[in-house]
Amino acid sequence: MGIFSTVAKGNMGEDFVAKFLRRNKFKILERNHRNKYSEIDIIAENKEYIIFVEVKSRTDDSLARPADAVNFRKQQMIIRAAKYYLTYTNQSRKQPRFDIVEVYLSEHNNKPYKLNYIPNAFSQGGPYAVF
């Protein structure tokens, strides 16, 4: 499987999640936001939170859960990117939240058919937590 098919699957998954978020009253602020720390798949907001969404798409035949790919190192990169985003866009009026969405794709046609939304999947903790 080539890089283009992986990118295409990721884009299909992100489109599927963006539609889901809009249907559930989230406002999409940005997609594929990149800064010097990392890329954030989707930045959205609702009445309470600004939400940094990591989308992981996998086909039926995958042995691991999609969320397993968001390891501690990846989480820290997303948190740093979110802090940078909040600092430089004046979006810090709401509490940030870090969600993961698992998207399951059909192995026959690579179309998304199911998602598992994991709100507040990870957070910055410890004595020096900024938020």
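What fraction of the Cα pairs in the stretch 3-122, stated in percent, has a spacing above 24 angstrom? Mind dumping the intermediate values first?
Values: 1693 of 7140 pairs.
Cα-Cα pairs in the stretch 3-122 separated by more than 24 Å: 24 percent.
Express in nm, to one decimal, how much length is gained between N32 and S62 on full extension, taking 0.36 nm for each residue of separation and deducting their alpha carbon distance. It would help to have the intermediate numbers written out before the result.
Values: separation 30, 0.36 × 30 = 10.80 nm, distance 2.41 nm.
So the extension gain works out to 8.4 nm.
Roughly what % of DSSP beta bridges within the chain run antiparallel, to the nearest 5?
Details: 17 of 28 bridges.
Here the share of antiparallel DSSP bridges comes out near 60 percent.
For the chain, calculate the relative contact order in percent as a whole number, restricting contacts to Cα pairs under 8 Å that are 6 or more residues apart.
It comes to 23 percent, rounded to a whole number.
Straight distance only, please: which lysines reach the Cα of K36 with their own Cα at less than 19 Å, same-chain residues fewer than 8 apart left out?
K74, K83
Could I have the simple spin-label model distance between N90 and T6, label points 7 Å from Cα toward Cβ, reported in nm to one decimal?
According to this spin-label approximation, the distance is 3.9 nm.
Bear in mind that the values in this text are calculations on the coordinates, not laboratory data. For clarity, every value in this text was computed on a predicted model and none was experimentally measured. As a convention, Cβ positions derive from the backbone with ideal geometry for all residues, glycine included, and neighbour counts pool all protein chains shown.
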